[in-house]
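Contents: one structure, followed by commentary.
Only the coordinates and a few stated rules stand behind these numbers; no lab work does. Computed from a predicted structure; not experimentally measured. Cβ placement follows ideal geometry from the backbone for every residue including glycine, while neighbour counts extend to all protein chains displayed.
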Amino acid sequence: MRLKVAVLAGDGIGPEVTREALSILRAVAELGGHDFTFVEGLIGGVAITATGSPLPTATLDAALDSDAVLLGAVGDNKFNSLTPDKRPEAGLLQIRQALGGFANLRPSIAYPALSASSPLRPEVTKDTDILFVRELLGGLYFGAPRWWNKETNEAINTMRYTRDEVVRVARIAFELASKRRKKVTSVDKANVLEVSQLWRATVTEIAKDYPDVTLEHQLVDSMAMHIMNIPRNFDVVLTENLFGDILSDEAGVITGSLGMLPSATIGGAVNLYEPVHGSAPDIAGTGKANPLGAILTAAMVLRHSAGLEQDARAVEQAVHKVLEAGYRTADIARGGDSVQMVSTQQMGKHVHQALAESIDRRQSLHAV
Ligand code: NAD
């Protein structure tokens, strides 16, 4: 299997966690005999310092010439006085737009070993494994007209979707659900909004092409409660841009730390993979950053760009294993005497070791 990955580590803890994610991808390539190549590029504050631009042309060209883009994080307080279009975060918005992904995937998983890190009770979070599929290029964040008239004190935003925009993201949700627990929960506000009525009618129509997948509809307000009450009831949650933004963050608390959350944006020219967290300037350079969000992001690269499902699962299981063994970075260090505090790098090494053992075991089983 050949895969070319553009690696944009970015600012703050971005390079620290990306290093660990890369070491996992290298291990998978080596152990499985795959040909992965990595091309590094600048983005964010480091790119402004080096070139004056948060997304240099060379970075964008390298990204567009790759099979996948792995991004760390951007953001550096020293650029806070610049206008928004010149700040590090502008590089992130520009690359997302240039790559054109319209489906944002955000898993929300309850790790039994981390149940003490979630504000929800373990019996509530138990067995949660949700995949949010959020439409990313339409809806309220992009619809026109949009303005704020400061003289009349009136402002407007527009929630707009076309049927085609709903069809393409719905297909992604059903395809993914058919490889998981075969259930799609589509979230809207169809009792009030016409745009949601179009959404619901379109998703219902697309569902007919996936007879093995169960479709249910939920209103966004009750969904916000269901996620907190019975999160294990959901498999793939499909929703529009604004609702997905809010619900996926809400469900993030089930896992227990921002440092544990991966994401992928697919459907465009090149898939973009990034942990959910930012550059965390408060802990950058201290060895405290949790690399597991970035490592789980690497697992998503394996699943969604390399088609290496077995290896993606092996990485995810290795993460489970090190958590079960009691290794913790500072953000997830709760739960008494049995835990052992480790640095970013040590956590990466433990996952690497658990992964190597599991791939070795798999290969020796094949050889028998
Ligand atoms: P943040 O996600 O960087 O940090 C929020 C809190 O979570 C901090 O206390 C941080 O220490 C902690 N945290 C985050 N990731 C962690 C990890 N892997 N391990 C342990 N702890 C972790 O959000 P913020 O502080 O609001 O923003 C900091 C900078 O990052 C800003 O410049 C912001 O614009 C930028 N940002 C970038 C992205 C991105 O690159 N995708 C996302 C959000 C924020």
Quiz item: Going highest first, how would you order 48-57, 138-147 by mean Cβ packing within 10 Å?
Solution: 48-57, 138-147
Quiz prompt | Rg(Cα)/(2.2 N^0.38 Å) for the stretch 80-218, N = residue count | solution = 1.31
Quiz item: All other residues with a Cβ under 13 Å from the Cβ of Ser279 taken together, and with Lys, Arg as +1 and Asp, Glu as -1, what is their net charge?
Solution: -4
Quiz prompt | Exposure proxy order (Cβ contacts within 10 Å, fewest to most) of Met341, Met225, Met260, Met300 | solution = Met225, Met341, Met300, Met260
Self-check item: In sequence order, calculated HN-Hα J values of the stretch 2-16 (Karplus, 6.51, -1.76, 1.60; Hz; x Gly/Pro)
Solution: 9, 8, 10, 10, 7, 10, 10, 6, x, 10, x, 7, x, x, 5
Self-check item: Whole-Å distance, taken between Cα centres, linking the stretch 129-178 and the stretch 25-79
Solution: 28 Å
Exercise. Give a residue-ordered list of calculated ³J(HN,Hα) values for the stretch 116-121 (Karplus: 6.51 cos²θ - 1.76 cosθ + 1.60, θ = phi - 60°; whole Hz; x for Gly, Pro).
Key: 6, 7, 8, x, 8, 5
Quiz item: Antiparallel as a % of all DSSP beta bridges within the stretch 184-273, to the nearest 5?
Solution: 20 percent
Exercise. List every residue whose amide H lies under 5 Å from the amide H of Asn271, counting only residues 5 or more places away in sequence or on a different chain, with H placed 1.01 Å from N in the peptide plane.
Key: Val69
Quiz prompt | Amide H within-cut-off set for Val237, under 5 Å, with H built and near neighbours excluded | solution = Leu131, Phe132, Val133, Thr185
Quiz item: Taking neighbour counts of Cβ atoms within 10 Å as a proxy for exposure, in what order, fewest first, do Ser305, Ser178 appear?
Solution: Ser178, Ser305
Quiz item: With Cβ to Cβ distances under 12 Å as the rule, what net charge do the other residues near Thr265 carry (K, R +1; D, E -1)?
Solution: +1
Self-check item: the chain - share of DSSP beta bridges that are antiparallel (%, nearest 5)
Solution: 35 percent
Exercise. Place the peptides 114-124, 63-73 in order of packing, highest mean first, counting for every residue the other Cβ atoms within 10 Å and averaging per peptide.
Key: 63-73, 114-124
Quiz prompt | For Val39, residues with placed amide H under 5 Å, excluding near neighbours | solution = Val5, Ala6, Val7
Quiz item: If each residue's Cβ is checked for other Cβ atoms within 10 Å, how do Phe174, Phe132, Phe38, Phe102 rank with the fewest at the top?
Solution: Phe38, Phe102, Phe174, Phe132
Exercise. For the stretch 221-368, report the translational diffusion coefficient in µm²/s to the nearest whole number, using Stokes-Einstein at 37 °C, 0.692 mPa s, and a Kirkwood Rh over Cα pairs.
Key: 193 µm²/s
Quiz item: What residue among Leu31, Leu99, Leu137 has the largest mean-square fluctuation in a Gaussian network model of the chain, using Cα springs under 10 Å?
Solution: Leu31
